[in-house]
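Since the structure comes first, as structure tokens, the remarks are kept for the end.
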Amino acid sequence: MGPITSRTIPVEAVYSTIGEQSPKRVDLPGQVSHETIVRFGQPTAFIVAAPDIGGAAEVAADILSGRRPVPDPVQQDHTLWVVLCFGVGGGYPPPYALRAIRLSGNHLLVEYAKSRHPPLTVDMRPYVFWIPLDSLPAGRYELQLREVGSRRTSTVRSQAVQQL
């Protein structure tokens with residue numbers, strides 16, 4: 001077995017349904033109800049394969065709406081994307097912001113910050129992020145979250161990636 005490789009994925013490369021300064025804005029296509037997203041309860045994350053952000057958004061919408069299951073294993077026939085969904089909330093200020101994304105071996109750790117201010121708007125919107133990974137070696141990956149300032153890391157999902 002070779003050495004564990006690690007890399008940082010810049011937050012500026014991330015796409016999101018919210019209009020923060022760093023992430024690029026994307027809307028979920030189709031009909032994804034807020035009730036469907038809320039059913040996850042806790043944040044959820046999963047890996048999908050798609051040729052571009054539009055394709056990744058379509059796959060995420062299908063999974064979040066229950067029209068298709070999370071693929072396990074993911075067939076690596078396109079770019080890999082981690083989809084991270086925090087649920088729904090008011091639009092301003094955004095309740096979540098990504099701070100750091102690190103891939104080390106088979107562990108992807110996403111550090112995020114929660115807003116300390118209550119929402120000033122009552123509009124409800126989904127909070128979904130797409131993190132481009134390009135490609136990964138075949139194997140099982142642990143998708144982990146940690147709130148900034150917390151020592152507790154939670155594994156959200158373990159998911160396999162297969163090469164074609």
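Can you list the strands (runs of 3 or more DSSP E) lying wholly within the stretch 46-164 that have 1 or more residues being hydroxyl-bearing (Ser, Thr, Tyr) and over 18 Å from TYR15 (Cβ atoms)?
Working: elements: 74-76, 79-90, 96-104, 107-114, 124-134, 139-147, 154-163.
Of the strands (runs of 3 or more DSSP E) lying wholly inside the stretch 46-164, those with at least 1 residues that are hydroxyl-bearing (Ser, Thr, Tyr) and over 18 Å from TYR15 (Cβ atoms) span 96-104, 139-147, 154-163.
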Of PRO95, PRO69, PRO43, which residue is within 16 Å of the chain's Cα centre (by Cα) and without any contact (Cβ under 8 Å) to a residue 24 or more places away in the chain?
-> PRO69
Meets criteria (at pLDDT 70 or above and more than 27 Å from ARG140 (Cα to Cα)) for ILE18 = yes
So THR8 clears everything in (1) farther than 18 Å from LEU136 by Cα; (2) surrounded by fewer than 12 Cβ atoms within 10 Å (Cβ to Cβ); (3) of a type outside the set (Gly, Ala, Ser); (4) modelled with pLDDT of 80 or more except one condition, right? Which one?
-> (1)
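The values are calculated or read from the model by the stated rules, or taken from the named source; none is laboratory data. Small disclaimer: the values here were computed from a predicted structure and weren't measured. Here Cβ is always computed from backbone atoms with ideal geometry, including for glycine, and neighbour counts include all displayed protein chains.
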